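This report refers to the structure that appears directly beneath it.
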Amino acid sequence: MTQLSRRTFLKSLVAGAVVVGFDRATSSWVTSAHAAEQLAPNFPTFDGVLYTDAATRAEAAEDYGHIIHRTPNAVLKPGSVNDIVRLVRFAKNNNIKISGRGQGHSTYGQPQIQGGVVIDMSTLNTIHEIGRDYVIADAGLKWHQLLDSTLAQGLTPPVMTDYIELSIGGTLSVGGIGGASHQHGVQIDNVIELTVVTGEGNLETCSKNRNKDLFESVLGGLGQFAIIVRAKLKLIRAETSARVFNLFYDDIETFTGDQTRLIRDGRFDYVEGQVVPKAGGGWNFMLEAVSYYSGNKLPNNTRLLRNLSYTQGTEVISDTTYFAFLNRLEATEAFLRSIGVWFLPHPWFDVFVKSRHVNQYVGNILETLTLDDTGQGPILLYPVKTNKFTKPFFRVPDGEIVFLFDILRTAPNIPEVINAMMASNRELFETNRDLGGNRYAIGAIEFSQADWQQHFGNVWNDFRRAKNRYDPCNILGGGQGIF
Ligand SMILES: Cc1cc2nc3c(=O)[nH]c(=O)nc-3n(C[C@H](O)[C@H](O)[C@H](O)COP(=O)(O)OP(=O)(O)OC[C@H]3O[C@@H](n4cnc5c(N)ncnc54)[C@H](O)[C@@H]3O)c2cc1C
């Protein structure tokens, strides 16, 4: 969007659709250009557009969970980084709440804010530079878009989430875990430098050598300290192909035992796993392991499958391109959209479980869990190594290895069913918490401020200090319900 002069900007706006001023006396947005001329002195101009129309605000009151709906007063689609600086400074001085929004793929209102301003980061989506082992990109860019450009140069981020239509800023706010995490940590462990706008409205660059405290706070900081506007991310050489092994198990001990063996010896590039429904009821387990390769350097199946105890003869082995593997949920998404399931409520349950409790904890849940309880959504279960995690606010239980356990529920649009799933999420969370586990903060679990304090445990004081330092007026990230 081209930059308009202040006067042209005010005149060109459609009254009622776009905000042109803010009335301090009534703490409300003004949508008439004439009125804004009277109020104008401190109201910022934007290179992008600040919307107040009902449709745009309603979009910002949604997320993938479709459970929480908080309607902002306005939505900024920034045209520049400076737009964010201007808005945050103005908001800070006028006590207006702000929330960054990437793709809105949270499940419990995390990117929403009632009555404030949502910054829709998707308009900032430029790739600025691709180097030999890094890329510099805007935080509103989707990982899919990033991959399109880096793979053209034979490069890839080391870790990808299972679904690549998420924004860079969105996953860097939570962690970003995937099948390569046992080798490379989560996505926030693979960031070289960030550019952010703090809650004070300061545009800062940070890395492990510069403003380290800010860098470590923002990565996995759940949007509490700053809006991430740009990231310099690590890249590694990408192989061109992927050999995918699906191995089936009847019992959880053998399944998690083999998963643990695989992430310890590192023979695969990617290790995940799912709890899958058994014909006639009950559950089986599917280990998903992938070996990447290029050209004729084919993976050695015998070596890769050595000493594993899956049910012999049930293995499914297939080859695909590296990108097709990363983009494997595309077809599923298209299908779920076509039948409307994509748009149903998603009360997701996402936790990290201590390795020594995983068989019993998950096993107990599976004894009574039915497809009605999951709404036929997938159940993920896979281990990661905690020594790969370097950022303090990405919380996992103690121990060399922990398991990610997700019940990715879909609910019909029936309040009683959603409430029952939410109650179950809370109960399962508490059992896991009492066993020393914790949540992965992407899901839908009712959480009080005391729960957050418990979640951050021995880094809670650091988390609070970072809030006081970078967002002292508490204008950012209210959708998480932490402060
Ligand atoms: C189908 C699906 C599959 C998924 N698979 C995985 C997976 O494999 N691994 C995994 O780790 N996660 C996964 N997720 C969860 C996902 O990583 C998180 O929900 C992520 O936060 C969503 O990114 P988003 O761009 O949609 O962020 P949003 O939902 O828009 O925002 C998430 C949080 O980040 C904040 N935020 C967003 N952008 C910024 C910014 N630029 N600066 C500061 N704060 C910001 C928001 O305020 C909010 O608190 C999946 C989600 C879905 C729906």
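The values are calculated or read from the model by the stated rules, or taken from the named source; none is laboratory data. This one's a predicted model, so the numbers in the text were calculated from it and none came from an experiment. Virtual Cβ from ideal backbone geometry, glycine too; neighbours counted across all protein chains shown. To get the accessible areas, we keep the full protein, side chains included, count just its heavy atoms, and leave off ligands, DNA and RNA. Shrake-Rupley method; radii C 1.70, N 1.55, O 1.52, S 1.80 Å.
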Legend entry - the chain, accessible surface, carbon-and-sulfur percent (1.4 angstrom probe): 47
Legend entry - Rounded FRET efficiency, nearest 0.05, which uses the C-beta distance separating Asn125 from Ser294 and R0 of 22 Å: 0.15
Legend entry - Nearest-0.05 FRET efficiency for Glu427 and Ile339, computed from C-beta distance (R0 41 Å): 0.85
Inset, instruction - Quick one: compute the contact order of the chain, relative version, from alpha carbon pairs under 8 angstrom and 6+ residues apart, as a percent. - result: 15
Inset, instruction - Tabulate in residue order the Karplus-calculated ³J(HN,Hα) for region 274-287, using 6.51 cos²θ - 1.76 cosθ + 1.60 with θ = phi - 60°, rounded to whole Hz; enter x for Gly and Pro. - result: 9, 8, 10, x, 8, 4, x, x, x, 9, 10, 10, 10, 7
Inset, instruction - Provide the per-residue ³J(HN,Hα) series for region 373-390, in order, calculated from phi with Karplus coefficients 6.51, -1.76, 1.60 and θ = phi - 60°, each as a whole number of Hz, with x at glycine and proline positions. - result: 6, 9, x, 6, x, x, 10, 9, 8, 7, x, 9, 9, 6, 6, 8, 8, 10
Legend entry - Unit Cα scatterers, Debye sum, region 145-286: log10 I(q)/I(0) for q = 0.10, 0.11, 0.12, 0.18 Å⁻¹: -0.45, -0.54, -0.62, -1.04
Legend entry - region 241-445, relative contact order in percent, only Cα pairs under 8 angstrom and at least six apart counted: 25
Legend entry - Net length gained if the chain between Thr71 and Asp462 were fully extended (0.36 nm per residue, minus Cα distance): 137.7 nm
Inset, instruction - Could you rank the peptides 171-180, 185-194 by their average count of other C-beta atoms within 10 Å per residue, with the highest value first? - result: 171-180, 185-194
Legend entry - Extension gain (nm, one decimal) between Asp372 and Ser80, 0.36 nm per residue minus Cα-Cα: 100.5 nm
Inset, instruction - Report, in whole Å, the centroid distance computed from the Cα atoms of region 116-162 and region 168-187. - result: 14
Legend entry - Between region 425-465 and region 363-384, the alpha-carbon center distance in angstrom: 21
Inset, instruction - Kindly provide the trypsin sites (Lys or Arg not before Pro) of region 117-218 that DSSP labels as loop, not H, G, I, E or B, and whose Cβ sees at most 15 other Cβ atoms within 10 Å. - result: Arg132, Lys208, Arg210
Legend entry - Val229 long-range amide H proximity, modeled H, under 5 Å: Thr195, Val196, Val197
Inset, instruction - Compute the Rg to Rh ratio over region 329-483 from the alpha carbon atoms, using the Kirkwood formula for Rh, and round to two decimal places. - result: 1.00
Legend entry - Inter-site label distance for Thr332 and Asp133 at 7 Å from Cα along Cβ, in nm: 3.3
Legend entry - Crossing angle, helix 460-470 versus the chain [Cα axis fit, 0-90 degrees, rounded to tens]: 30
Inset, instruction - Could you run the Karplus curve 6.51 cos²θ - 1.76 cosθ + 1.60 with θ = phi - 60° over region 360-366 and give me ³J(HN,Hα) per residue in whole Hz, x for Gly and Pro? - result: 6, 4, 5, x, 4, 4, 5
Legend entry - Kirkwood Rh in Å, taken over all unlike Cα pairs in region 241-445: 18.2
Inset, instruction - For Asn438, list long-range residues whose amide hydrogen, built 1.01 Å from N in the peptide plane, is under 5 Å from its own amide hydrogen. - result: Phe352
Legend entry - FRET efficiency, 1/(1 + (r/R0)^6) with R0 45 Å, evaluated for Thr314 and Asp148 via beta carbons: 0.80
Inset, instruction - Kindly give Rg over Rh for the chain, based on alpha-carbon atoms, with the Kirkwood expression for the hydrodynamic radius. - result: 0.98
